[in-house]
1. Quote the relative contact order of the stretch 191-278 in percent (integer), defining contacts as alpha-carbon pairs under 8 Å separated by 6+ residues.
2. Give the order of CYS78, CYS253 when sorted by the count of other beta carbons within 10 angstrom, beginning with the fewest.
3. Taking the dipole about the Cα centre of the chain, with the C-beta of Lys and Arg at +1 and of Asp and Glu at -1, give me whichever of SER176, ILE271, THR75 is farthest to the positive side.
4. For a quick check, take a GNM of the chain with Cα springs below 10 Å and name the residue from VAL247, VAL219, VAL198 with the largest mean-square fluctuation.
5. About its Cα centre, what dipole magnitude does the chain give when the only charges are +1 on Lys and Arg Cβ and -1 on Asp and Glu Cβ, stated in debye to the nearest 20?
6. Lys and Arg at +1, Asp and Glu at -1: add these up for the other residues within a Cβ distance under 13 Å of PRO189 and post the number.
7. Could you work out the longest stretch of the chain that avoids the GluC sites (Glu not before Pro) located in DSSP loops with at most 14 other Cβ atoms within 10 Å?
8. Where Lys and Arg each count +1 and Asp and Glu each count -1, what net charge lies around PHE156 among other residues with Cβ under 12 Å from its Cβ?
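Readers should treat all values here as calculations from the given coordinates under stated rules, not as data from a laboratory. As the structure is a prediction and not an experimental result, all values here were calculated from the model. Cβ: placed from backbone, ideal geometry, glycine included. Neighbour counts: every protein chain shown.
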Amino acid sequence: MNSDTGYGLTEKPYYLPLADEIELFRAAYAERLPILLKGPTGCGKTRFVEYMTWLLYRGEGADDARRRVVNPLQTVACHEDLSATDLVGRFLLQGEETVWQDGPLSRAVIDGAICYLDEIVEARKDSTVLIHSLTDHRRILPVEKKGEILDAHSNFLLVISYNPGYQNVLKDLKPSTRQRFVAIDFAYPREEEEARIVAHESGVDEDVALELARLGGKVRNLRQHGFDEGVSTRLLVYAGQLISQGVSAKRACDVAICRAVTDDVDVQKAIAEIAASVFP
């Protein structure tokens, strides 16, 4: 079964714009163009989708129809066992009767919400093919088990993401899928921007946040040993949260960064040396 969550988004998520991604998303949504977010793990793709959903469904410019959607964001963490049934729905036994339960994709299509499929290339191929009819002029979702075809609500939008630097040649988006989306590229923030994010999310002071951001930049410069991506902003925030709880900076970096990103002893040693230079 898939891991999915419907978000009510009662509070505005924190998000720091890094380029023109907000304007691009707004323009794509206005035309209901499906969106592909590309970027490394932990760089803010999911938070960005949450933020844009809040702006469009809860923000000042949201119309009444969008405000009435209880869960405007349906998210799915894709994995190798994710099937079309998990996305669309299934019949379940309740007592002595069989009832239909919509999947997260069906709920978004019916309600006019945003459906976000995170790391789409991890899903089974039948799941990927399923979304094709929602990404062109048809905007329909076949529900084979019920013998129905759902017309997507006018407010529905499909958003997918993946990490092109992490995937191998066997797990990449097929051209037939990729060319159905407009693509927005993400990268890790610049040092000053990342420090602002770390400070806000973890509660550490600006000086510590800046040091953590510098550490992140230095680790990402490690290109040997097959260590291409480095540490995510998410892990820098985790380190900051540990520091804010009284854990020493050295130990926080050890457990939240060094040991979290790799099991390679040589790479761990290199990261530990970098951390020691930043937090002596």
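1. Values: 103 pairs, mean separation 24.6, N = 88.
Normalised by residue count, the contact order of the stretch 191-278 is 28 percent.
2. Sorted ascending by nearby Cβ count, the order is CYS78, CYS253.
3. Value computed over the given set: SER176.
4. Fluctuation is largest for VAL247.
5. Approximately 340 debye in magnitude.
6. Net charge around PRO189: +1.
7. Numbers: sites that count: GLU11, GLU31, GLU60, GLU80, GLU96.
Excluding the exposed sites themselves, the longest stretch runs over 97-280.
8. Net charge around PHE156: +2.
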